[in-house]
Amino acid sequence: MKHHLLVDAAGVPLGCRVSPANAHDVTGLLPTLVACPLPGFLADPGRTPGELYGDRAYDSAGHEGVVGWLGVTPVIAQQGQPHGSGLGTRRYVVEQTVAAVHQNRRLKVRYEKRADIHQAFLTLACIKVCCNRLFPDAK
């Protein structure tokens, strides 16, 4: 299974999706955007993020066009370009969140046969990360 996460600048998960391991990463881009539970997230310009960062696996002209049409500027590393674009320093927040989500052993190794149950555990892990990031002093 692959885990696709949409996080804000502070690393708080906004949306998460599970996809099969043999599916290309770019197929999880739009479902992850749609999975964001904020009301009016894509309809309200005040709540829409300004930029969307992604690695080379999310490079697709069609998907970047749809993301741009939604009012979000896609900043995605281009395939065939040399490394060192500087996106890694901004994607570090996402990598930290992915590592925090994968602290749950049940997500590292998939024990469930059904994808909906695995999605539920991924959502629970994201809720746990949200609580830890939004309320760091509450234990």
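Numerical summary
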quantity	calculated
Inter-probe distance in nm under a simple model that places probes 7 Å from Cα toward Cβ, at residue 115 and residue 21	1.5
Ranked list, fewest to most other Cβ atoms within 10 Å of each Cβ, for 16, 36	36, 16
Added length on full extension, which subtracts the Cα-Cα distance from 0.36 nm per residue, residue 78 to residue 128	14.7 nm
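Each value in this text was obtained by applying a stated rule to the coordinates, not by laboratory testing. This structure is a prediction, so every number in the text was calculated from the model and none was measured. Ideal geometry is used to build each Cβ from the backbone, glycine not excepted, and the neighbour counts take in all protein chains shown.
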